[in-house]
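Presented below is the structure to which this report refers.
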Amino acid sequence: MKVVELEDVTFRRDGKEILHGITLSVGEGEHWALLGPNGAGKSTILGFCGALTHPTSGTVRVLGHRLGRVDLQELRRRIGHVNPRHPLRSPLTVREVVLTGLDGSIETPPRRKFEPDEVDRADDLIDTFGLTGKAEDRWPTLSQGERGRVLIARALISRPRLVLLDEPSTGLDVAAREQLLETIDLLDRTHPRLSSIVVTHHLEELPASTTHALLLKEGRVVVAGPARDVLTTANVSAAFDHPISVIFDDGRWAARAGSRAAR
């Protein structure tokens, strides 16, 4: 079953075409990574997948619905979003932040009363992602790593079929990054039918559960397919227009400038 389908998609902004003939097909249970230099078009593609942006030409289908022929608000409720720049201003508790995912809101909607089963679901997710005992902690008191895990729980509470992660490791130190990646890897076991797409600049920030990858350069697809086939020294060097050595070891990728052959 296809969760996301982009067919020959172009996108223009201020009269300039910034995406050129993009094709992407994400199946159920697949975990994709979008990588490329700044300005390559990763965030714009993620906007299509989240039903937030319409293409200039071409076709976008998300969860079986073609953009332009579907109630966008209803469709967006079935897509989870993880954005480390979550613009929350109020000192909500961890539980309250997770519950805002039911309405896709930032703050708790006025007069919103959550059902006991919704609260139980939030608490189960909080426990699943290593935040046991923190349900009453306030958002401003959390570390960046804890916030990342809260946002993953928030994305999952509406039982989405697709989760989009926009540079989820932004601002994290090495330990917090590794804890977050372990949390993302957990989805493969706790939600085996869930599909995900993560945008990042760095191969070191890819979860071990990554199944597929798409490399972008200047708004065009360099290569897309199974991650082990795509994330090679030759392909990554072509995408970033610089010699980059790619290493795959113990289920994770790493990259550095140079010519050492990939293992």
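The values are calculated or read from the model by the stated rules, or taken from the named source; none is laboratory data. These numbers come from a predicted model, not from an experiment. So basically every Cβ, Gly included, is an ideal-geometry build from the backbone, and we count neighbours across all protein chains shown.
Per the listing ILE184, ILE152, ILE126, the residue uniquely touching a residue at least 60 places away in the same chain (Cβ under 8 Å) and in a helix (DSSP H, G or I) is ILE152. Determine whether GLU204 is within 30 Å of LEU125 (Cα to Cα) and assigned by TED's automatic domain parsing to the domain that holds PHE48. So GLU204 fits the description; yes. Scanning the stretch 22-65 for residues that are in contact (Cβ under 8 Å) with a residue 24 or more places away in the chain and either part of a strand (DSSP E or B) or not assigned by TED's automatic domain parsing to the domain that holds LEU203 (or both) yields a total of 16.
Applying the selection to the stretch 243-253, what residues are part of a loop (DSSP other than H, G, I, E, B) and either surrounded by 11 or more Cβ atoms within 10 Å (Cβ to Cβ) or outside the structural domain of GLU182 (by TED's automatic domain parsing) (or both)? Within the stretch 243-253, PRO243, GLY251 qualify.
A residue that is within 17 Å of the chain's Cα centre (by Cα), surrounded by 15 or more Cβ atoms within 10 Å (Cβ to Cβ), at pLDDT below 90 and assigned to a helix (DSSP H, G or I) occurs somewhere in the stretch 76-93.
Yes or no, residue by residue, for (1) out of contact with any strand residue (DSSP E or B) (no Cβ under 7 Å at 6 or more places or on another chain); (2) charged (D, E, K, R); (3) farther than 30 Å from GLU136 by Cβ:
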{"site": "GLY36", "(1), (2), (3)": "no, no, yes"}
{"site": "THR56", "(1), (2), (3)": "no, no, yes"}
{"site": "GLY64", "(1), (2), (3)": "yes, no, yes"}
{"site": "VAL70", "(1), (2), (3)": "yes, no, yes"}
{"site": "ARG89", "(1), (2), (3)": "yes, yes, no"}
{"site": "VAL94", "(1), (2), (3)": "yes, no, no"}
{"site": "ARG112", "(1), (2), (3)": "yes, yes, no"}
{"site": "ASP123", "(1), (2), (3)": "yes, yes, no"}
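Checked against the criteria, ARG177 does not count as touching a residue at least 60 places away in the same chain (Cβ under 8 Å) and within 19 Å of the chain's Cα centre (by Cα). Residue check: GLU136 meets all listed conditions (1) closer than 21 Å to LEU180 by Cα; (2) out of contact with any strand residue (DSSP E or B) (no Cβ under 6 Å at 6 or more places or on another chain); (3) surrounded by fewer than 15 Cβ atoms within 10 Å (Cβ to Cβ) but one, namely (2).
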